[in-house]
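Colleague: There's a structure below that I have some questions on.
All of the numbers you see were taken from the coordinates with simple rules; none came from a lab. Fair warning: this is a prediction, and the values are worked out from it, not measured in the lab. Every residue, glycine as well, gets a Cβ built from its backbone with ideal geometry; the counts of neighbours run over all protein chains shown.
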Amino acid sequence: MSEQTFTLYDLRVETIEGDRPFVCSHEVGSGFEVRGENIHMDAGKPFSLYALAALLPLLPPKQRPLNEFDWMATDHVIACPDPHCGARFRISRIGRQVVRRDDTTVEPLPENNPWKE
Ligand SMILES: [Zn+2]
């Protein structure tokens, strides 16, 4: 059997300035990296719980290869969820990993997988 692998991108989320002042305690340049299933926060730098909650749903899709016409492949700047806050968060790909399926799940691969592209 050939090795079952897939691609995951490593991500960097960084706080950037928007068109208005910050309301929250964001720091320009602070953020975190996502590698596999793990988040690595910048050492000693706080990151807003509410901003993190807004960003979390976007991270797993952005870790995966995307169709070039998918908005997820083109829209990388996310607003702070506080509507009065000018902070923005830029999501960048900073690396690429080839991951072995066996390292991520014990679920057997189905024969006719309806999720397959
Ligand atoms: Zn904010």
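Colleague: Could you please let me know if Val99 is under 18 Å from the mean Cα position of the chain (by Cα), surrounded by 10 or more Cβ atoms within 10 Å (Cβ to Cβ) and aliphatic (A, V, I, L, M)? Explain how you work it out, then say what you get.
Modeller: Numbers: under 18 Å from the mean Cα position of the chain (by Cα): yes; surrounded by 10 or more Cβ atoms within 10 Å (Cβ to Cβ): yes; aliphatic (A, V, I, L, M): yes.
Taking the combined requirement at face value, the residue satisfies it.
Colleague: Counting only residues that are more than 16 Å from the ligand (Cβ to nearest atom) and of a type in the set (Asp, Glu), which one in the range 54-87 is nearest to Pro21 (Cα to Cα)?
Modeller: Only one residue fits best here, namely Asp75.
Colleague: Just to confirm my filter: which strands (runs of 3 or more DSSP E) fall fully inside the range 6-94 and include at least 3 residues that are surrounded by 14 or more Cβ atoms within 10 Å (Cβ to Cβ) and not aliphatic (A, V, I, L, M)?
Modeller: 31-35
Colleague: Which of the residues belonging to the range 4-39 are touching a Phe, Trp or Tyr at 6+ places or on another chain (Cβ under 6 Å) and more than 13 Å from Arg90 (Cβ to Cβ)?
Modeller: Ile39
Colleague: Pull up the range 23-52, narrow it to residues that are within 13 Å of the ligand (Cβ to nearest atom) and polar (S, T, N, Q), then point me to the one that is farthest from Gln63 (Cα to Cα).
Modeller: Ser25
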